[in-house]
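What follows is a short report on a single structure.
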Amino acid sequence: MIRRHFFLIAAGVALVLMILAGGAKLMLGGKAEGQGGPAGRATAVSQVKVGERPFTDRIEVLGVAKGRQSVTITSNTTELITAVHFTDGQLVSRGQVLVTLKDDQETADIAQAQANLDQAKRNYDRWKTLADKGIAPRATAEQNLAAYESAKAALASAKAQRLDRVIRAPFAGRVGISDVAPGTLIAPGGAIVSLDDASVVRVDFSVPDRYLATLRDGLPIKASPDALPGETFQGQIAQIDTRIDAATRAIKARAEFPNPGGRLKPGMLVKVAIDQGVRQGLAVPEAAVQFEGQQASVFLVAKGEKGQVARRTNITTGLTADGFVEIRSGLKAGDVVVADGLNRVQDGGAVRDVAKPAGGPGGPGGQGGGKPGQDRKAG
């Protein structure tokens, strides 16, 4: 009995000693980690020097492309189509016949009007001769002259009615896809085919009135269609509206773009960009900037007691272009910031460089730093 109690007591003491040893190990291990871990040694990061880059102030708005002239060909009467003189997508010239409508009645009316005109002319000639000889009253000759003139007007009207049965292209352009065919009954206003003159494409867009001083006729402008990624078309502002919309405080403008290859199609959604000028600005790579809500910050590398340390510094940003962010305030030229590895850096923590500061050509301070920056959309 005593021996059994002795073994139980011994087991309990051993368990307590094991627990105490484990706790001491954890404490010593945590202390060692704190002394030799990331917080106790310099974090390896790449650094970049703040330099200048060219940035372009740009107004960007959306617009819809349309042809210089666009129309949907219709009929002004209800009639059957007897002939179609075009094929889908064909280029047509001004005045070219597109569709012929049934004109049997109009042809008959012309024949009747012509016969009436011939008879009226004969009557007038006879009565005029008699009046000139004094045999018939002059008034009778004048009445026949009026009948003759009326017959000429009736013939002209009959011919005009038949012209309405021949539908021609009002201007040169390209016709679209049509479903009409001989035998189709066309009603007034019914679409026959679309016709677009897309040799020059127009884009109407609205710009906030605060940019009114920038706009002028002939100002160069660029268009980038969503349907043609990577393609840019050069044009100019052709017209600026005379009024500002009182509700939106925006003014409407029209730009024209040469379109010799026909790449721009009416109806395309395009992004219109107006460059306001190029300027130099301080810049750092996008990877070097952290955003918390509306506040942007970088880790500024400075000298500490035992080497370089990273200090979180709030900045004001501007434009973003080609992987670089413009710095409006908070940094100066020549400052060095942490370029990447921000998730490993602590405010006030020691850092060491693993790459040379990028201040040469191709960096923010160099001459090969890519394309100018672009403004965000102008509302």
Open item on the list: Just to be sure before I move on: is Ala139 at negative phi, among the hydrophobic types (A, V, I, L, M, F, W, C) and either touching a residue at least 60 places away in the same chain (Cβ under 8 Å) or open to solvent by less than 40 Å² (accessible area, probe 1.4 Å) (or both) in the structure I sent?
Closed with: no
- [ ] May I ask you to list the residues in region 215-233 that are in contact (Cβ under 8 Å) with a residue 24 or more places away in the chain and in contact with a strand residue (DSSP E or B) (Cβ under 6 Å, 6 or more places away or on another chain)?
- [x] Leu215, Leu219, Pro220, Ile221, Lys222, Ala223, Ser224, Pro225, Asp226, Phe233
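Restricting the search to region 69-99, which residues are in contact with a Pro (Cβ under 9 Å, 6 or more places away or on another chain) and over 30 Å from Val200 (Cβ atoms)?
Correct list: Thr77, Thr78, Leu80, Ile81, Thr82, Ala83.
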TODO: Would you confirm whether any residue within region 180-191 is within 22 Å of Ser70 (Cβ to Cβ), open to solvent by 60 Å² or more (accessible area, probe 1.4 Å), of a type in the set (A, V, I, L, M, F, W, C) and not in a loop (DSSP other than H, G, I, E, B)?
DONE: yes
- [ ] Please indicate, with yes or no, whether at least one residue in region 194-203 is free of Cβ contacts under 8 Å to residues at least 24 places away in the same chain, on the phi < 0 side of the Ramachandran plot and not small (Gly, Ala, Ser).
- [x] no
Open item on the list: For Leu331, only one of the following conditions fails: (1) open to solvent by 30 Å² or more (accessible area, probe 1.4 Å); (2) of a type outside the set (Lys, Arg); (3) within 24 Å of Asp57 (Cβ to Cβ); (4) outside any strand (DSSP E or B). What is its number?
Closed with: (1)
Open item on the list: Within region 334-350, take every residue that is charged (D, E, K, R) and modelled with pLDDT under 85 and give me the one that is least open to solvent (accessible area, probe 1.4 Å).
Closed with: Asp340
Task: Cβ pairs under 6 Å, 6+ apart, first in region 86-110 and modelled with pLDDT of 90 or more, second basic (Lys, Arg) - done: Leu91/Arg174; Gly95/Arg168; Val97/Arg168; Leu101/Arg165
TODO: Mind listing whichever residues of region 202-225 are in a strand (DSSP E or B), of a type outside the set (Lys, Arg) and open to solvent by 50 Å² or more (accessible area, probe 1.4 Å)?
DONE: Ser206, Pro220
Task: Output for region 20-72, where each listed residue is acidic (Asp, Glu) and at pLDDT 80 or above - done: Glu52, Glu60
Open item on the list: For region 243-283: of the residues being within 15 Å of the chain's Cα centre (by Cα) and part of a loop (DSSP other than H, G, I, E, B), which is surrounded by the fewest Cβ atoms within 10 Å (Cβ to Cβ)?
Closed with: Gly267
Task: Residue count for region 90-105, restricted to those that are open to solvent by less than 30 Å² (accessible area, probe 1.4 Å) and within 25 Å of Phe257 (Cα to Cα) - done: 1
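The values are calculated or read from the model by the stated rules, or taken from the named source; none is laboratory data. Note that the structure is a prediction, hence the values are computed from the model and not measured. Because the Cβ atoms are built from the backbone with ideal geometry, glycine has one as well, and the counts that use them run over all protein chains shown. Ligands, DNA and RNA are excluded from the accessible area calculation, which covers all protein heavy atoms including side chains. Shrake-Rupley method; radii C 1.70, N 1.55, O 1.52, S 1.80 Å.
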